[in-house]
Amino acid sequence: MPQHLRAAIRRVAAEPGFALVIVVAIGLGIGMNTTVFTLVNAVLLRGLPYDHPDEVVVVSTYDNQRRDDSQTSWPDYQDWMHATQSFVGMAAMTGESMNVSGGPGAPERISGQRITTNAFGLLGQPMALGRDFVEADGRPGAPPVMILGYGIWERSFASDPAVIGRTIRVNDMPTEIVGVMSRGVRFPQTSDAWIPLQPGEDRDKRDARNFEVFGRLKRSVGTAEAQAELAGIAARLERTYPTTNEHVGVLVQTFNQRQNGGPIRVVFLMLLAAVSLLLLIACANVANLLIARAISRQREIAVRIALGAGRRTIVAQLLTESVLLGCLGGLLGLALAYIGVTLFDRATADVGKPYWILFQFDWHVFAWLALACVGTGLIFGLAPAVQLARTDTNVVLKDGGRGTTTSRGRWLVSSLVIVEMAFTLALLAGAGVMIRSFLSLYQADLGARVDNVLTGSVTLPERKYPTPAERQVFRDRLGDRLRALPGVEAASISTTVPGSGIGTLTLDIEGERRATKTEPREVRVASVGAGFFETFGIHAIAGRVLERRDGHTGSEGVVVNQRFVDKFLGGRDALGRRIMLRPDDKDTPWASIVGVVPHVRHNDTAREELDAVVYRPFELSSSESFIVALRSHQPTTTLAAALRETVQQLDPDLPIAQIRTMEDMLARMRWPFRVFGSLFVLFALFGLVLSTIGMYAVTAYSVGERQAEIGVRMALGAQQTQVAWLVLRRGIVQLAIGVPLGLALAYVVTIGMKSLLIGINPGDPLTLGSTAVIVVCITLAACLVPARRAARLNPVAALRN
């Protein structure tokens, strides 16, 4: 091996230009491959930053009838914790927005967690300052305490160590800071503060599933064993409590599986498949280049064999050269991967990904890089090495050093070109469906005006605003002040805005059978203020929109969309019909439909299926959280400052969060399509360039190799068109084989991307047809230049050469 390596280094140094071409081609392929693997490693493989992260699992209830998972009730959690033998311990938590005031800065709203006191002990998570929770902190009536996130400590408290023991107000409750979390830790995803979990009124309700549960498995127990044990416990609870636990099972998952399953997992695996295809295209290109170079090395190899070198030794020497080139390409690829990972990290810095997803290099990435370097060297070097090892010494030495490609070599070159075509077509098809999904998403009509609209969110603390009436008084006062701001054309307060998502409630219709758990009837519901429809330019197509009087007792009115009329009323006149909206089996006031509006997309902005939506006055809702929306032509910074000041005037301890324009909000929601769609397009274009260069190089080399033959044909009377067809025919035959193979592979690729597509079906004929036409046109163009050169050859010069 040292001898082979020294010879390989001499060969590379003797042909630096040739080596540079290979290193660049392979380096680009390995760089993109390593970039994507780094992302896959962070999202799907690495897991939580704790010892034995696979031991930390999420335990959730699973509806065996509807086949979906959900959160857990406190009694079920207690039963699991006390009955299981598979876990070192279990902990529960629930997310909560926290209004924090009383610090040195302005009030702010942060993402927090109420968490059982044993949680950080199970994780093995130390504090940067102060102490962890103790058992007494979680007992009912215990003094309120909190652990502050490191980022909040730095930003709002200037990293002051004296913060420990300080009392601030959290949701208007005086709370003592007992600890500061370690830098970068925001468990479980993006939390900035933690408070001990003290179950309230729902602690004895098995159907009040409000908690996330996680636990640490014992070292000798796997997830499958834990799943089997908890499934048995769940079956026992189902028999004991049939009313609340019917069809309720258990699902055990790692944090990676829980947070990054479904479409996210598919996206990253498809990206990895795309760059793998891209690397194979690069390998095929380099293999063709090495096969072409093999002609000039036939005499060298023949002499080696004649002097006694075994064919196995020849193959080993040539593969050592290929692997060396692959490793040099890997060094370039590592630099490119660093740039790619850095750019991706910046593009996704503010999209709400879990804190433990860090796009950085570790031993998994370097192991993958080493495997890619050696693997690509073997892949692109094997075919040329085997071909050269089969050199017929008698023919080559007798021929005085003239070389030509054998029929086997031509067949191999053509096969590699066909493979390139198929892989390129598959990449283009994947990029095509992603682009069309991206365009469908951005061109989808929301059914509302979102230009010049600024939004912000507010959560009223229950301690300070305990009743719905008090919360409504605050909303009314805030709405009046916002509408009075200079330059504000319209203002609204609502639980949702177009494109931001919307919840569901059970629907009853007067005169029809009441909805039950076995025969559910659910509808999307938004609580809105009177200015909502004006702010978003929504006009009634029947009746009228909501007014302030519609929320008062005795004159409860609601507005529905056209889809509601079609779905629940059979398209009949809706005005005057009475409906009831309820979160559970408790009755709520009946409300009359006073208007019908067109469809507005509140959830998936490009789904073909439309939701039935009911808009009810805020007076009929008890929600503590709401979104403020202002329509104005004023600059965003000016309006944002006025919005924040207006809220502070009404309540100095109340923050307003997530102040952004509607365009910005929608862009943040659509970032996966923008980022991943761009990556697919980049990979596809690079593959197309490589494939085109490969086809051109093979055709041009074939013309050069056949100059004498072409000269004889032209001397005997062959026309230019006949010579051009002689060259083009080979490319057309390769297209005839490669395009059908590529279309079949493209169909499989788009089927695998089914869960990612919006507004387009897998195997879309237009997309597949367009990509096939692109590949055919570019391939023919790559063949046409050498064909024209061949047709213009001077027969005398060709025969003399």
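The values are calculated or read from the model by the stated rules, or taken from the named source; none is laboratory data. These figures come from a predicted structure and were not determined experimentally. Neighbour counts are summed over all protein chains in view; Cβ atoms, including those assigned to glycine, are modelled from backbone coordinates with ideal geometry. For accessibility, only protein heavy atoms count, side chains too; no ligands or nucleic acids. Shrake-Rupley method; radii C 1.70, N 1.55, O 1.52, S 1.80 Å.
Annotations for the structure displayed:
- In this entry, ASP137 is excluded by the filter for residues that are part of a loop (DSSP other than H, G, I, E, B) and more than 32 Å from the chain's Cα centre (by Cα).
- In the range 754-787, of all residues being of a type in the set (Gly, Ala, Ser) and open to solvent by 50 Å² or more (accessible area, probe 1.4 Å), the one that is modelled with the highest pLDDT corresponds to SER770.
- Residue match in the range 551-564 (condition: under 35 Å from the mean Cα position of the chain (by Cα) and among the acidic types (Asp, Glu)): no
Yes/no matrix, rows are residues, columns are (1) more than 22 Å from SER625 (Cβ to Cβ); (2) open to solvent by less than 20 Å² (accessible area, probe 1.4 Å); (3) not polar (S, T, N, Q):
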residue: ARG644; (1), (2), (3): no, no, yes
residue: GLN648; (1), (2), (3): no, no, no
residue: ASP653; (1), (2), (3): no, no, yes
residue: TRP671; (1), (2), (3): yes, no, yes
residue: LEU682; (1), (2), (3): yes, no, yes
residue: GLY687; (1), (2), (3): yes, yes, yes
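- The listed residue being open to solvent by less than 60 Å² (accessible area, probe 1.4 Å), under 30 Å from LEU610 (Cβ atoms) and at pLDDT below 85, out of LEU416, LEU441: LEU441
- Taken over the range 652-668, the criterion of being under 24 Å from the mean Cα position of the chain (by Cα) and among the β-branched types (Val, Ile, Thr) is satisfied by THR661 alone.
- Flag for PHE366 being modelled with pLDDT of 90 or more, outside any helix (DSSP H, G or I) and not hydroxyl-bearing (Ser, Thr, Tyr): no
- Complete set of residues in the range 620-678 that are in contact with a strand residue (DSSP E or B) (Cβ under 7 Å, 6 or more places away or on another chain) and under 20 Å from VAL351 (Cβ atoms): ILE627, ALA657, GLN658, ILE659, ARG660, THR661, MET662, MET665
- Of the residues making up the range 37-47, none is open to solvent by less than 20 Å² (accessible area, probe 1.4 Å), touching a strand residue (DSSP E or B) at 6+ places or on another chain (Cβ under 9 Å) and under 29 Å from PRO144 (Cβ atoms).
- Count of the range 222-274 residues which are among the hydroxyl-bearing types (Ser, Thr, Tyr) and either open to solvent by less than 60 Å² (accessible area, probe 1.4 Å) or touching a Cys at 6+ places or on another chain (Cβ under 6 Å) (or both): 3
- Elements of type strands (runs of 3 or more DSSP E) contained in the range 161-221, each with 3 or more residues being open to solvent by less than 20 Å² (accessible area, probe 1.4 Å): 173-181, 193-196, 212-217
- When residues of the range 522-560 are limited to those that are farther than 25 Å from ARG449 by Cβ and assigned to a loop (DSSP other than H, G, I, E, B), the one most open to solvent (accessible area, probe 1.4 Å): THR553
- Selection over the range 107-131 of residues that are outside any strand (DSSP E or B), over 28 Å from GLY456 (Cβ atoms) and open to solvent by less than 50 Å² (accessible area, probe 1.4 Å) gives a count of 7.
- Among (1) in contact (Cβ under 8 Å) with a residue 12 or more places away in the chain; (2) assigned to a helix (DSSP H, G or I); (3) under 39 Å from the mean Cα position of the chain (by Cα) - the single one GLY759 does not satisfy: (2)
- Just one of the numbered conditions (1) in a loop (DSSP other than H, G, I, E, B); (2) touching a residue at least 60 places away in the same chain (Cβ under 8 Å); (3) open to solvent by 50 Å² or more (accessible area, probe 1.4 Å) is not true of PRO104: (2).
- Taking the criterion of being in a helix (DSSP H, G or I), farther than 20 Å from PRO740 by Cβ and of a type in the set (Phe, Trp, Tyr), the residues of the range 411-467 that qualify are PHE438, TYR442.
- Subset of the range 711-744 (residues that are of a type in the set (Lys, Arg) and either surrounded by 13 or more Cβ atoms within 10 Å (Cβ to Cβ) or over 16 Å from MET695 (Cα atoms) (or both)): ARG713, ARG730
- Any hit, the range 306-324, residues being open to solvent by 10 Å² or more (accessible area, probe 1.4 Å), in a helix (DSSP H, G or I), modelled with pLDDT under 90 and touching a strand residue (DSSP E or B) at 6+ places or on another chain (Cβ under 9 Å): no
- The number of residues in the range 346-356 being part of a helix (DSSP H, G or I) and open to solvent by 60 Å² or more (accessible area, probe 1.4 Å) comes to 1.
- From the list GLU519, GLU512, the lone residue that is without any contact (Cβ under 8 Å) to a residue 12 or more places away in the chain, touching a helix residue (DSSP H, G or I) at 6+ places or on another chain (Cβ under 9 Å), of a type outside the set (Val, Ile, Thr) and part of a loop (DSSP other than H, G, I, E, B) is GLU512.
- The lone criterion from (1) surrounded by 16 or more Cβ atoms within 10 Å (Cβ to Cβ); (2) basic (Lys, Arg); (3) in contact with a helix residue (DSSP H, G or I) (Cβ under 9 Å, 6 or more places away or on another chain) left unmet by ARG601 is number (3).
- Residues of the range 197-219 satisfying the condition of being among the small types (Gly, Ala, Ser) and either modelled with pLDDT of 90 or more or within 32 Å of the chain's Cα centre (by Cα) (or both): ALA208, GLY215
- Looking across the range 140-154, just one residue is part of a helix (DSSP H, G or I) and free of Cβ contacts under 8 Å to residues at least 24 places away in the same chain, and that is GLU154.
- Within the range 604-624, the set of residues being part of a loop (DSSP other than H, G, I, E, B), of a type outside the set (Gly, Ala, Ser), at pLDDT 85 or above and open to solvent by less than 50 Å² (accessible area, probe 1.4 Å) comprises just one member, ASP611.
- Picking from residues in the range 564-586 that are among the charged types (D, E, K, R) and in contact with a strand residue (DSSP E or B) (Cβ under 7 Å, 6 or more places away or on another chain), the one that is farthest from ARG544 (Cα to Cα) is ARG582.
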